[in-house]
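Input: a single structure, listed below in structure tokens.
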Amino acid sequence: MAIEILLIQGWSLGSVYALVGFGFVATYKTNKVLNFTLPFLGAAGALILSSLVSDGGFGIRRLRGKNPLTLIADHPVGWVLCFVVALALVGALGALVERLVIRPLPGRSPFILTMATLAGALVLEVAVGHAPISRRLAMPWGTSSVAIAGADVSVSTLAVCVMAPAVLLGVAGFNRTWFGIAARAMADDEEAAVSIGIGRSRVMATGWALAAGLGMLAAMAFAVPPLGAGVFTTRSMPDLFFRAIPVLAIGGWDSYGGVYAAGIAIGMMQVMVGGVWGEYASFLGGGYTTILPYMVMLIVLMIRPTGVFGQAAVHRV
């Protein structure tokens, strides 16, 4: 396989990892929580979008075909409108989950809050897994491909490569707004932030809404090449989000840029090692590319526990 194709595949795979990591960073920056509900919030967003662009009825027979967005979903503008509506709905769902799972536990340790998200994830898994909504996620460009280096590359693969840096730029601009400044203040010293008038509940709800939207983008990327074929499977989401743990640990739990750099590096490493040097490492078995990120993660954590780009904790005395 041409080196150009391997680079594109590695970049696309790394972009998917980065999109997953962005969602985790959004909640970690606000309350230092590893959000286990994120895979299923992302799945809910992908299912909402799949319904809007298919029958628009959300699995309810009486509503099928009556959603006006469905009538124009085949047009790129209509698909974008469906995407915006799905993004808003899953953002509201993320804020609701934060209200039900995190808000009733004020002052609890990050470990307790993380366990609470695990309980919430089990509820969401059942609800999302049994939702009577189409699992096929249609993209506006369909199954189109372009020829690169003598091989056909899916437009979806190229779109994922562009999506991650676009999200990174969007988050960078978003962090310069009121929420970004308030979230950083809340993460540095919650008591001081509240004392100057920053609303804790508003910051938390916004952070979870942002995380849910980013999770939806990751679920979309997971449903198209190189990882999917246009069919969304809810049960595979936890596996994808588990793969993002090394990306977070290496890049830094509170760094969007670090997570993106780590995601691209890991994606490139897995594809290049498997595609270029695979024949020399066959004695390691078929799954050695899967464990490589975790091996790198252990080395990085021994040298820098907060990750390469993570902010070191400051202890006041």
If you take the charge dipole of the chain about its Cα centre, with +1 on Lys and Arg Cβ and -1 on Asp and Glu Cβ, which of SER145, TYR294, PHE40 is farthest toward its positive end?
PHE40
Springs between alpha-carbon atoms under 10 Å, Gaussian network over the chain: tell me which of VAL77, VAL155, VAL53 tops the mean-square fluctuations.
VAL77
Between SER156, SER50, SER144, find the one with the highest GNM mean-square fluctuation for the chain; connect C-alpha pairs within less than 10 Å.
SER144
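Add -39500 (n - 2.57) for each DSSP H run of 4 or more in the chain, then divide by its residues: what number comes out at 222 nm, to the nearest 500 deg cm²/dmol?
Working: 13 runs with 205 residues, N = 317.
Rounded to the nearest 500, it is -21500 deg cm²/dmol.
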FRET efficiency for ARG235 and ALA192, Cβ-Cβ distance as r, R0 = 35 Å, nearest 0.05?
0.20
Separation in nanometres of the label points that stand 7 Å from Cα toward Cβ, at ARG136 and LEU105:
4.0 nm
Got the relative contact order for the chain handy, in percent, Cα pairs under 8 Å and 6 or more residues apart?
34 percent
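Hydropathy at least -1.0 by Kyte-Doolittle, axial extent at least 24 angstrom from the Cα trace: which helices of the chain, defined as entire DSSP H runs, fit? All intermediate terms of the calculation are to be shown ahead of the outcome.
Details: long enough: 3-31 (42 Å, 0.97); 76-101 (37 Å, 2.04); 110-129 (27 Å, 1.84); 155-174 (28 Å, 2.15); 200-223 (35 Å, 1.08); 256-275 (28 Å, 1.21).
Result, helices passing both filters: 3-31, 76-101, 110-129, 155-174, 200-223, 256-275.
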Shape verdict for the chain, please, from the Cα gyration tensor: rounded (a/c under 1.5), prolate (a/b greater than b/c) or oblate.
oblate
Quickly rank 233-243, 24-34 as a protection proxy: mean count of other C-beta atoms within 10 Å, highest first.
24-34, 233-243
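Bear in mind that the values in this text are calculations on the coordinates, not laboratory data. Remember, it's a predicted structure, so these values are computed and weren't measured experimentally. Glycine also receives a Cβ, built like all others from the backbone with ideal geometry; neighbour counts cover every protein chain displayed.
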